[in-house]
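Here's the structure we're looking at; comments come further down.
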Amino acid sequence: MVRILSRARPWSPSPDDAVRRATGGAVRVLNHADTTALTALAAADPVANCFVESILEKGRDATPARSGGPLFLGIFTQATPVTAGRPAELEAACWVGANVVPVGATAEAGALFGVALTALHRRFASVYGPREAVLPLWDELSRGPQRARQIRDDQPLMVLRGRPAVEPSPRVRPAGPEEFPVVLPACVAMFEEELGFSPLQNGAVQYRLRVEDLIRNGWSLVDLDDAGRVRFKADLGVVSASCTQIQGVWVEPSQRGQGLAAPSVAAVTEYARQTAPLVSLYVNGFNTAALRTYRTVGFEQVGTFATVLL
């Protein structure tokens, strides 16, 4: 008699089961009912949590996506004699998508999220956010199969709470859709200089779509020379109602050291302030030239981020 083998996949725990088991119940997957608490947690620090607030404001809630898709993890208060009988409160959260972003997490919470993420058996592109949480999270996650390409553990998180301290350049403006062919090479050059490889090597379509999306939304700002080449560029990379995060700042190498950067960044901040009252960015601590520019414009450090590139 021919034995018929089942084609059913072997049973595997749900993401919630996996993280609960790995952390002894300290971490669980958030759901729709947790959306209000998650929104309040992110709003407690709109600068550090700009990315997560932007996601929630686009209509996403705490409900997990389809199997294998993005989700939020959460850690809740533990009952004590003082809190007995009260509903548990959301203490810390973590966005889990292509990137991992902790929210309101201490070092201890970051480590727990690292254990939970290891149990999910997923691969990620990066982990970034407040250093206090990111580095312990990575210490645990690094016990799994992924290896870091680079760890940037000192990235001042800076904010501008009003008008810039220098006169904005009148040349900086949003790029138009017809300027995509000249904006894209500048974006690629910035990316290569920052990360050491081209974004067009893998995922070229997604990167092109990202640049097109920034231009379409009016979030790609440029200064073009008389020949139509990009001298300066910057993006409003993350936008929430409370805060705009500037990303992708780049000055064409031949134009550096000529006083172009500070007025151009000032122009970007003035434009960003039309969208949200706070303007933020984070920068590698070793990039002394950029730090000097941002301080000249009026940015002040309010925290420290860390980024693990995977």
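For the chain, what does -39500 (n - 2.57) per DSSP helix run (n ≥ 4), summed and divided by total residues, give at 222 nm, in deg cm²/dmol to the nearest 500?
Calculated at 222 nm, the ellipticity per residue is -10000 deg cm²/dmol.
Overall shape: rounded for region 15-147, with the ratio a/c of the largest to smallest alpha carbon gyration tensor axis below 1.5. Mean-square fluctuations from a GNM of the chain, with a 10 angstrom spring cutoff on Cα atoms, peak among V205, V183, V103 at V205. Think of region 208-310 as having a plus end and a minus end, set by charges on the Cβ of Lys, Arg, Asp and Glu; of G228, Y271, S254, S254 sits farthest toward the positive end of this dipole.
Largest GNM mean-square fluctuation among R20, R66, R171, using the chain with Cα springs under 10 Å: R66. Please state the shape class of region 204-249: rounded when a/c is under 1.5, otherwise prolate if a/b exceeds b/c and oblate if not, all from the C-alpha gyration tensor. Since a/c reaches 1.5 but b/c is at least a/b, the shape of region 204-249 is classed as oblate. Across the chain, the relative contact order, built from alpha-carbon pairs under 8 Å that are at least six residues apart, equals 21 percent. Multiplying the residue separation of A148 and R122 by 0.36 nm and removing their Cα-Cα distance gives an extension gain of 7.9 nm. Probing with 1.4 Å while keeping every protein chain in the model, the per residue accessible area of the chain equals 51 Å². Is the chain rounded, prolate or oblate when judged by the Cα gyration tensor, a ≥ b ≥ c being the square roots of its eigenvalues, rounded requiring a/c under 1.5 and prolate requiring a/b larger than b/c? Taking the square roots of the gyration eigenvalues as a ≥ b ≥ c, the chain is prolate. When the Gaussian network model of the chain links Cα atoms closer than 10 Å, the mean-square fluctuations of A204, A26, A18 top out at A204. Quick check for me: using +1 on Lys/Arg Cβ and -1 on Asp/Glu Cβ, what's the dipole size of the chain about its Cα centre, in debye to the nearest 20? Magnitude of the dipole: close to 880 debye.
Within the assembled protein chains, the solvent-accessible surface assigned to S198 is about 20 Å², based on a 1.4 Å probe.
Surface composition of region 125-176: carbon and sulfur atoms hold 46% of the protein heavy-atom accessible area at a 1.4 Å probe.
The values are calculated or read from the model by the stated rules, or taken from the named source; none is laboratory data. A quick note: this is a predicted structure, and the numbers were derived from the prediction, not measured. Because the Cβ atoms are built from the backbone with ideal geometry, glycine has one as well, and the counts that use them run over all protein chains shown. Protein only, heavy atoms only, side chains kept; ligands, DNA and RNA dropped before computing areas. Shrake-Rupley method; radii C 1.70, N 1.55, O 1.52, S 1.80 Å.
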